[in-house]
Amino acid sequence: MFGWKKIHTSRRNPIKGTLAAGDPSQPPTRWWNHLWLLWFSWEHIVFGVPEEAAKGGYRVGYKAGGVAMVYGKVFHNTRFRVRIGHEDCKFFALDAKDKEIHGIKLLAQLSKHDPDCHKDYPLI
């Protein structure tokens with residue numbers, strides 16, 4: 001299964017994630033401008049995953065506006081890239097048993113026009 005899927009969190013199964021501050025230079029995200037911002041405007045951020053977690057595989061997720069989503073593909077890289085918009089967002093990783101992996105770190109926030117945009121790491 002690929003693509004984004006909504007996941008349910010609760011007090012017994014909270015998602016803490018790692019906070020990435022939104023980019024105030026970007027316009028607020030709305031339903032009508034989301035795709036344009038995603039393709040042409042949002043900057044990339046790079047996260048690091050603990051090496052042991054990467055060996056076992058993980059799925060990447062985000063939590064914004066009270067909704068948590070997870071991507072279906074399993075990754076084994078020690079780093080991954082995502083895009084960040086105007087709003088603050090929490091990113092997280094889940095292991096094969098859907099338990100949150102602790103210790104993912106925000107490593108860099110870069111312009112997508114940067115020639116060294118960590119292209120070796122998957123953009124999710």
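Please report the net charge: other residues with Cβ closer than 15 Å to the Cβ of GLU87, K and R +1, D and E -1. Summing Lys/Arg as +1 and Asp/Glu as -1 gives +1. Here the accessible area is traced with a 1.4 Å probe on the protein chains. For the chain, carbon and sulfur cover 54 percent of it. Measuring r between the beta carbons of MET69 and ARG30 and using R0 = 25 Å, the FRET efficiency lands at 0.90. Shape of the range 1-64 from its Cα gyration tensor (a ≥ b ≥ c, root eigenvalues): rounded if a/c is under 1.5, otherwise prolate when a/b > b/c, or oblate? It comes out prolate by the Cα gyration axes. Accessible area per residue for the chain, computed on protein heavy atoms with a 1.4 Å probe, is 62 Å².
Legend: residue pairs LYS55/LYS90; LYS97/LYS119; LYS55/LYS99; LYS5/LYS55; LYS73/LYS119, Cα-Cα distance threshold 21 Å; pairs beyond threshold, LYS55/LYS90; LYS97/LYS119; LYS5/LYS55. Taking amide H positions as modeled 1.01 Å from N, with prolines and chain starts lacking one, the residues under 5 Å from GLY22 and 5 or more places away or on another chain are ASP88, CYS89.
Placing a label point 7 Å from the Cα of LEU110 along the Cα-to-Cβ line, the residues of the range 55-98 whose backbone N sits under 15 Å from it are 78-84.
GLU87 contributes an accessible area of around 70 Å² to the protein surface, as traced by a 1.4 Å probe with all chains present.
Note on the chain: Kirkwood radius taken over Cα pairs, Stokes-Einstein applied at 4 °C and 1.567 mPa s, translational D equal to 87 µm² s⁻¹. Which residue, LEU38, LEU106, LEU94, has the most motion in a Gaussian network model of the chain that connects Cα atoms within less than 10 Å? Highest fluctuation of the listed residues: LEU38. Phi angles across the range 82-97 convert, under the Karplus curve 6.51 cos²θ - 1.76 cosθ + 1.60 with θ = phi - 60°, into 3J(HN,Hα) values of 9, 9, 10, x, 5, 8, 4, 8, 9, 10, 8, 10, 10, 7, 4, 9 Hz, Gly and Pro given as x. The protection proxy used here, the mean number of other Cβ atoms lying within 10 Å of each residue, ranks peptides 55-65, 71-81, 12-22 as follows, highest first: 55-65, 71-81, 12-22.
Relative contact order for the chain using alpha-carbon pairs under 8 Å, separation at least 6, rounded to a whole percent? The value is 37 percent. The calculated 222 nm mean residue ellipticity attributable to helices in the chain amounts to -2500 deg cm²/dmol, summing -39500 (n - 2.57) over DSSP H runs of n ≥ 4 and dividing by all residues. Once the C-beta distance of HIS76 and LYS97 is scaled by a Förster radius of 25 Å, the resulting FRET efficiency is 0.95 to the nearest 0.05.
The values are calculated or read from the model by the stated rules, or taken from the named source; none is laboratory data. None of the values given here were measured: they were computed from a predicted structure. Virtual Cβ from ideal backbone geometry, glycine too; neighbours counted across all protein chains shown. What goes into the accessible areas is simple: the full protein's heavy atoms, side chains included, and nothing from ligands, DNA or RNA. Shrake-Rupley method; radii C 1.70, N 1.55, O 1.52, S 1.80 Å.
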